[in-house]
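Remarks on the structure that follows.
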Amino acid sequence: MHNEWQRLAVWTGALVVVSMLQSFAQSGQEPATFLLDGAVLKANKEKIRQGDPAMVAARQSLLSTADQILTKPAHSVVEKSKTPPSGDKHDYMSVGPYWWPDPTKPNGLPYIRKDGQVNPERMAIQDNAYLNELCSQVQTLAVAYYFSDNETYARRATDLLRGWFLNPQTRMNPNLNYGQAIPGITDGRGIGLIDTRGLAEVVDAVQLLKSSKTWPQNDQVALQAWFRQFLNWMLTSPVGKDEEDEHNNHGTYYDFQTLAFALFVDDKPLARQIIEKKTYGRIQSQLKADGSQPHELARTLSWNYSVMNLKGFFGLAALAEKVNIDLWNYETPDGKSIKKAYLWLLPYAENQKPWEHKQIKELHREEFWPVVAVAETKYGRSGDTENRPAASVNDPFFVLTHSLF
């Protein structure tokens, strides 16, 4: 008996050592993220270990935000008071933001469009607000877990994932049949898929949670299955294909999502196919040779949409790196490129040129500084570097990740 206990003690000790070695190896590895830059994350984690003041301060700020999330209630898609046309509250619902009652009609139907003006009625169905909150919280918690190795953050993130995607009582069905409905016109549109663009950040964040004991392999497999179903719905359903056919930021973020989901389910051939058959064509159809974006410039919030769409292309370029495609420097046969789109906007951001396109709300040039910071790692410094604000991006998340998403 004594020998058996000795052998048990030896085996237990060996397992502990192996576990510690695995944990140490994981902490020293470059994260297998595909939207966040794993090399940047690893380098900044090492800077924190060495006491870099800026990184330590950013980490502390991030952890404070994560601590606040720990105290907030979780929500699900089934909480809405209104039931979708399917009769199933597990189906996501939202209403188009720029659609308002027609004052010339007794019942206001059908609604009419006021581009750039958000109807507060949209907030009556909270699926979109809850989804945006989920995406932000999961990403913040996952990054906090990476930079702290504190399982408390991972546990909360994985609980949120299970609640929204896996729990039979609260999970969202893997479709968006009822996204951005228009009262009196349609129960749902392909355009509604812009609502789910934050899910690309979620699947990327999961890459940081895979090393946590709170996220077992069976949950990883189940979540991949959910996104495989959602990806198939995007690629094959009438609503999904309707969004695929859009020629502005909606098309860009359709590719952004499908590409991220393809990488998440380990389908790199599909990821390459999306870029080669769709994204190349979007660069051709959405940009002019000078870099301007005519579809976005036609909007009432032309600055906002031009910056938003460029960020989408930057996100696609980051994802494309994972299948060894260089979208950063890709040019169409007639010279259109993401780089030129960036350089076209830059002098307006620096206030070297007046913005003369329609903009019904205040123009915030500072929104472009994170784009500049990322672009300079790919293209070098351009524009009015002498007069550019010295501390242009102070957001703790950006300091730690150098990511637009």
>> Give all pairs with beta carbons closer than 8 Å in which a residue from the range 217-230 that is within 15 Å of residue 267 (Cβ to Cβ) meets a residue that is surrounded by fewer than 15 Cβ atoms within 10 Å (Cβ to Cβ); count only pairs at least 6 apart in sequence or on separate chains.
In response: 224/266
>> Pairs needed: first member in the range 74-88, outside any loop (DSSP other than H, G, I, E, B); second member anywhere, of a type in the set (Asp, Glu) and surrounded by fewer than 15 Cβ atoms within 10 Å (Cβ to Cβ); C-beta distance under 7 Å; at least 6 residues apart or different chains.
In response: none
>> For residue 83, only one of the following conditions fails: (1) within 30 Å of residue 300 (Cβ to Cβ); (2) loosely packed, with under 14 Cβ neighbours inside 10 Å. What is its number?
In response: (1)
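For the range 336-346, state whether one or more residues are modelled with pLDDT of 95 or more and outside any helix (DSSP H, G or I).
Taking every residue of the range 336-346 in turn, at least one turns out to be modelled with pLDDT of 95 or more and outside any helix (DSSP H, G or I).
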>> Return the residues of the range 142-173 that are surrounded by 22 or more Cβ atoms within 10 Å (Cβ to Cβ) and of a type in the set (Gly, Ala, Ser); say none if nothing qualifies.
In response: 142, 144, 154, 157
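Quick check, is residue 270 buried (at least 22 other Cβ atoms within 10 Å of the Cβ) and either in contact (Cβ under 8 Å) with a residue 40 or more places away in the chain or out of contact with any Lys or Arg (no Cβ under 6 Å at 6 or more places or on another chain) (or both)?
Criteria not met by residue 270.
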> Does residue 176 qualify as being crowded, with 19+ Cβ neighbours inside 10 Å and either farther than 22 Å from residue 101 by Cα or of a type in the set (D, E, K, R) (or both)?
Replying inline: yes
> Quick check: is even one residue across the range 327-334 farther than 30 Å from residue 362 by Cβ, assigned by TED's automatic domain parsing to the domain that holds residue 361 and acidic (Asp, Glu)?
Replying inline: yes
> Which ones in the range 33-73 are part of a helix (DSSP H, G or I) and among the polar types (S, T, N, Q)?
Replying inline: 44, 60, 61, 64, 65, 68
>> Anything in the range 299-339 that is buried (at least 18 other Cβ atoms within 10 Å of the Cβ) and over 22 Å from the mean Cα position of the chain (by Cα)? List them, or say none.
In response: 299, 336, 337
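Looking at 286, 257 in this structure, which one is in contact with a His (Cβ under 8 Å, 6 or more places away or on another chain) and assigned by TED's automatic domain parsing to the domain that holds residue 309? Spell out how you get there, then give the answer.
Numbers: 257 fails: in contact with a His (Cβ under 8 Å, 6 or more places away or on another chain).
Sole residue among the options that is in contact with a His (Cβ under 8 Å, 6 or more places away or on another chain) and assigned by TED's automatic domain parsing to the domain that holds residue 309: 286.
Okay, residues lined up against (1) surrounded by 11 or more Cβ atoms within 10 Å (Cβ to Cβ); (2) assigned to a loop (DSSP other than H, G, I, E, B); (3) at pLDDT 95 or above:
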position	(1), (2), (3)
353	yes, yes, yes
356	no, yes, yes
363	yes, yes, yes
376	yes, no, yes
384	yes, yes, no
391	no, yes, no
405	yes, yes, yes
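The values are calculated or read from the model by the stated rules, or taken from the named source; none is laboratory data. Here the structure is a predicted model, which means the values were calculated and not measured. Please note: Cβ atoms are built from the backbone with ideal geometry, for glycine as well, and neighbour counts cover all protein chains shown.
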